[in-house]
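First the structure, in the form of structure tokens, and then the observations on it.
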Protein chains: 2
Amino acid sequence: MQSTDPATAVQTIDRATCTSLDAVDPLAPFRDRFSLPEGVVYLDGNSLGALPRGTRAHVDRVVAEEWGVGLIRSWNDAGWFAKPQSVGDRIAPLIGAGPGEVVLGDSTSASLFQVATAAARLRPGRRVVVAERGSFPTDLYVLESVQETVGGPAPLERRLVHEDGPTLEDVLDEDVAVVVLSHVDYRTGRMHDLAEVTRRVHDAGALVVWDLCHSVGAVPVDLTSADADFAVGCTYKYLNGGPGAPSFMWAAARHHDAARPALTGWHGHARPFEFPVGFEPAPGVARFRVGTPQLLSLAALEASLDVWADVDLDLVREKSLRLTELFISLVDHRLGRWPVEVVTPRRSSLRGSQVALRHESGYAIVQALIERGVIGDFRAPDLMRFGFAPLYVSHADVWDAVDALEDVLASEVWREPRFARRGDVT
Amino acid sequence: MQSTDPATAVQTIDRATCTSLDAVDPLAPFRDRFSLPEGVVYLDGNSLGALPRGTRAHVDRVVAEEWGVGLIRSWNDAGWFAKPQSVGDRIAPLIGAGPGEVVLGDSTSASLFQVATAAARLRPGRRVVVAERGSFPTDLYVLESVQETVGGPAPLERRLVHEDGPTLEDVLDEDVAVVVLSHVDYRTGRMHDLAEVTRRVHDAGALVVWDLCHSVGAVPVDLTSADADFAVGCTYKYLNGGPGAPSFMWAAARHHDAARPALTGWHGHARPFEFPVGFEPAPGVARFRVGTPQLLSLAALEASLDVWADVDLDLVREKSLRLTELFISLVDHRLGRWPVEVVTPRRSSLRGSQVALRHESGYAIVQALIERGVIGDFRAPDLMRFGFAPLYVSHADVWDAVDALEDVLASEVWREPRFARRGDVT
């Protein structure tokens, strides 16, 4: 067997190598199932996934037929009432969950409030929640509300962990009720060992809530074999459910009967159409439902799950690692002249499906890239994020992206005033 | 001036009278702006409004262009981030609110939790919430969570009022923090005097949260002149926003700075894209935003608001009263042989835009009506509900509905086993 020095190997790569890799890519046919604009290299599927080709027709059918013709009858005839659970069952295989364990909710923030509050209440004697200082901030904001909701006049204490310390080991003790962690970090792409971390949390007698926003559809997730407790996730990123598509919630079956929802809406009631005066939680994960689901957004998600039903997540992971390794290698090899730092872990077991580069003018560089059709995004203060959605990003895309990046840096076009930071929101 | 005895007048009405009324109805042209199936008399717009003709194309454009082509750029370029507020500003005129006072949220249940918790926290010394025993039940379920969230280890007390007593006067005292009321009752269609009740609540030093689900788009609402505090409402009923369209929240400007959201998501943050670690509420009503809005559902709502921009709510109210009065008169005149009771107030000032009839076999009768193309709904234990959406329900529809009802009762077709109650959800 021939061993190749990676630094040498990357010098031999050219665009033709990349197109050759695409030619033998078992996931390459999936690209045709997405509608992507001409001339765009889309490396932001970690923020908003691309549009599946089947979505337009499906959404239009739901609007015109289920709503327009079926009208109120579609709550029964089109299975609308069951959708948050029937669609949840279609997400379950992507996260190692069983049927009846996943339910669609409102926004991820609302759903995190729902499950994290329930989790904290399952450890009533314990007064501490643990989270990551580098979390996507909404997780921290929501936890502030959880601390107050569960703690009452004396809000729960919060301990924050960080890769620079304190570590999870430093803060885990018998006071910790719940640990909320992002499986894959939204900025750096760093990935936790879900099973190993779950075990450590359990060893301390606490419960774990996994935020799967940046891992579902990007890496294989197995909540059941990890013995995790609760999870929430996002369906508009790698799952291609459309802008603002509903979040999902998962609870291990062992918690179903004891978990009390924090948001007690009628769709989470055991007998919603008997209209009783008091709240009585539905059996199972359905109790986490709140109000009427936003069915048109759910319809778009359903259409994208038709694609995901045909996907082998092991192939996704293999390709994802090939793409991110190729990107990192090309960045190392071709951008060494500039102060560009690879922030994402180089060890594949620690990496999700995105790569972050640090540059103090990251904002302007990202804007200049977008003008060239290479769409990534920027996260303050200095990170350029590139997501690699294996269903529609090719090896040639990776080549073209690094090409564009080299061109933007070499030409210094990013210094032009039109790329200066404005009040943009994404 | 000629005075007509109503009982005599109704005997002179026939279908031709109704079509004559339609011919001079200033709102009749709006019917063409909705897509309704042939042969259907749709009297359930109080539950799920009909599909506006412009919605399909608008939603498809958002899917294909804003999502499919614009991709992540649409957060800026298509104004996605601002939508919950820009669409809120378009709802404001329908409820007597000013610009910057209305924001779109998740489900109505989640939004009620958001504003009712904020309201209760504005009266920290007071330990009681008041609600109506006959509320749409989710309001009571959500209040259970509010009681626990605000009260902590000693949940707030709840006092329930009812038209049979105790009355609001009976329970209002210096312990009451918040009163949550439905402007129009979901079952009976009974309407409160919003200004008068608000005044009584304020006289007791409490705050009022109005649930406008069954009044927005059905009757003129003026929250500002009523000096109300908070409101939530539904956009998928009379506003025709589509199944599960997002709820809206309103807060009087005087509460904007002091109100603390209960669900603290990043879209409600003052500087969401700086990603700070701590929650800091956005100025104004934007602080009630939670997470990423479900934009496809929002898109459908936007399309329906194009219709509502052209509507005169005073004409809506006039026609609504004509329709409900006509319906009640015809029911009185033609159905007197059967045990059908009009539950809705006959005094127009006390009535929204729906009429409920009580019959012990209401469920089967509604199913038999639906088979005949007359779509109303049933609410346990014995109420048949008929909503009259003035933009697309005609006087002839009212005639045809009563005709069908008389036929179903006279033929006793509703006794057939296929109409027996099953596990249907609506």
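The values are calculated or read from the model by the stated rules, or taken from the named source; none is laboratory data. All values derive from a computational prediction rather than experimental measurement. Please note: Cβ atoms are built from the backbone with ideal geometry, for glycine as well, and neighbour counts cover all protein chains shown.
Yes/no matrix, rows are residues, columns are (1) under 25 Å from the mean Cα position of the chain (by Cα); (2) surrounded by fewer than 21 Cβ atoms within 10 Å (Cβ to Cβ); (3) of a type in the set (Gly, Ala, Ser):
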{"position": "B:Gly373", "(1), (2), (3)": "yes, yes, yes"}
{"position": "B:Arg379", "(1), (2), (3)": "yes, yes, no"}
{"position": "B:Phe386", "(1), (2), (3)": "yes, no, no"}
{"position": "B:Pro390", "(1), (2), (3)": "yes, no, no"}
{"position": "B:Val393", "(1), (2), (3)": "yes, no, no"}
{"position": "B:Ala396", "(1), (2), (3)": "yes, yes, yes"}
{"position": "B:Trp399", "(1), (2), (3)": "yes, no, no"}
{"position": "B:Asp403", "(1), (2), (3)": "no, yes, no"}
{"position": "B:Val408", "(1), (2), (3)": "no, no, no"}
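Whenever a residue of the stretch B:216-239 is within 19 Å of B:Ala119 (Cα to Cα), it has no partner that is of a type in the set (Ser, Thr, Tyr) and at pLDDT below 95 lying with C-beta atoms less than 9 angstrom away and at least six residues away or across chains.
Might you let me know whether the stretch A:8-31 holds any residue that is closer than 26 Å to A:Gly241 by Cβ, of a type in the set (Lys, Arg) and either in contact with a Lys or Arg (Cβ under 9 Å, 6 or more places away or on another chain) or in contact (Cβ under 8 Å) with a residue 40 or more places away in the chain (or both)? Yes; the residues of the stretch A:8-31 include at least one that is closer than 26 Å to A:Gly241 by Cβ, of a type in the set (Lys, Arg) and either in contact with a Lys or Arg (Cβ under 9 Å, 6 or more places away or on another chain) or in contact (Cβ under 8 Å) with a residue 40 or more places away in the chain (or both).
Summed over the stretch B:37-49, residues that are buried (at least 19 other Cβ atoms within 10 Å of the Cβ), over 14 Å from the mean Cα position of the chain (by Cα) and facing chain A (nearest Cβ under 9 Å) total 1.
Is it true that some residue in the stretch B:385-404 is assigned by TED's automatic domain parsing to the domain that holds B:Pro345 and more than 30 Å from B:Ala23 (Cα to Cα)? Checked against the condition, which is being assigned by TED's automatic domain parsing to the domain that holds B:Pro345 and more than 30 Å from B:Ala23 (Cα to Cα), the stretch B:385-404 yields no hits at all. Taking the listed residues A:Leu383, A:Leu335, the one that is at pLDDT 95 or above and away from every other protein chain (no Cβ under 12 Å) is A:Leu335, with no other qualifying.
Write out, first by first residue and then by second, each pair whose Cβ atoms fall under 9 Å of each other, whose residues are 6+ apart or on separate chains, and whose first residue, in the stretch B:142-153, is over 10 Å from B:Val178 (Cβ atoms) while the second is aromatic (Phe, Trp, Tyr) and not in a helix (DSSP H, G or I). Filtered contacts from the stretch B:142-153: B:Val142/A:Phe279; B:Glu144/A:Phe279; B:Ser145/A:Phe279. Scanning the stretch B:237-279 for residues that are under 19 Å from B:Ser297 (Cα atoms), more than 7 Å from chain A (Cβ to nearest Cβ) and either charged (D, E, K, R) or in contact with a Pro (Cβ under 6 Å, 6 or more places away or on another chain) (or both) turns up B:Lys237, B:Asn240. Pairing residues of the stretch A:355-366 that are in contact (Cβ under 8 Å) with a residue 12 or more places away in the chain with residues that are among the polar types (S, T, N, Q) and crowded, with 21+ Cβ neighbours inside 10 Å, at Cβ distances under 8 Å and at least 6 apart in sequence or on separate chains, gives A:Val355/A:Thr324; A:Val355/A:Thr344; A:Ala356/A:Thr188; A:Ala356/A:Thr344. Restricted to the stretch B:311-426, the set of helices (runs of 4 or more DSSP H) holding at least 2 residues that are among the small types (Gly, Ala, Ser) and within 24 Å of B:Tyr238 (Cα to Cα) comprises B:313-334, B:395-411. Summed over the stretch B:88-132, the residues that are in contact with an Asp or Glu (Cβ under 9 Å, 6 or more places away or on another chain), under 13 Å from B:Met249 (Cα atoms) and within 13 Å of chain A (Cβ to nearest Cβ) give a count of 9.
Quick check on A:Gly278: is it buried (at least 24 other Cβ atoms within 10 Å of the Cβ), of a type in the set (Gly, Ala, Ser) and outside any helix (DSSP H, G or I)?
Details: buried (at least 24 other Cβ atoms within 10 Å of the Cβ): no; of a type in the set (Gly, Ala, Ser): yes; outside any helix (DSSP H, G or I): yes.
The answer is no for A:Gly278.
For A:Ile91, state whether it is among the hydrophobic types (A, V, I, L, M, F, W, C) and modelled with pLDDT under 95. Write out each step before concluding.
Working: among the hydrophobic types (A, V, I, L, M, F, W, C): yes; modelled with pLDDT under 95: no.
No, not satisfied.
Considering B:Phe327, B:Phe288, which residue is aromatic (Phe, Trp, Tyr), away from chain A (no Cβ under 14 Å), out of contact with any Ser or Thr (no Cβ under 6 Å at 6 or more places or on another chain) and surrounded by 24 or more Cβ atoms within 10 Å (Cβ to Cβ)? Can you show your working first?
Working: B:Phe288 fails: away from chain A (no Cβ under 14 Å).
Unique residue meeting the criteria: B:Phe327.
Note on the stretch A:281-314: residues that are over 18 Å from A:Ala82 (Cβ atoms) and in contact with a strand residue (DSSP E or B) (Cβ under 8 Å, 6 or more places away or on another chain) amount to 3.
Does the stretch A:107-129 include one or more residues that are farther than 30 Å from A:Leu405 by Cα, part of a strand (DSSP E or B), touching a residue at least 12 places away in the same chain (Cβ under 8 Å) and over 20 Å from the mean Cα position of the chain (by Cα)?
Step one: of the stretch A:107-129, the residues farther than 30 Å from A:Leu405 by Cα are A:107-129.
Now drop any that are not part of a strand (DSSP E or B), which leaves A:128-129.
Pick out the ones that are also touching a residue at least 12 places away in the same chain (Cβ under 8 Å) and you get A:128-129.
Among the residues that remain, those that are also over 20 Å from the mean Cα position of the chain (by Cα) are: A:128-129.
Within the stretch A:107-129, one or more residues are farther than 30 Å from A:Leu405 by Cα, part of a strand (DSSP E or B), touching a residue at least 12 places away in the same chain (Cβ under 8 Å) and over 20 Å from the mean Cα position of the chain (by Cα).
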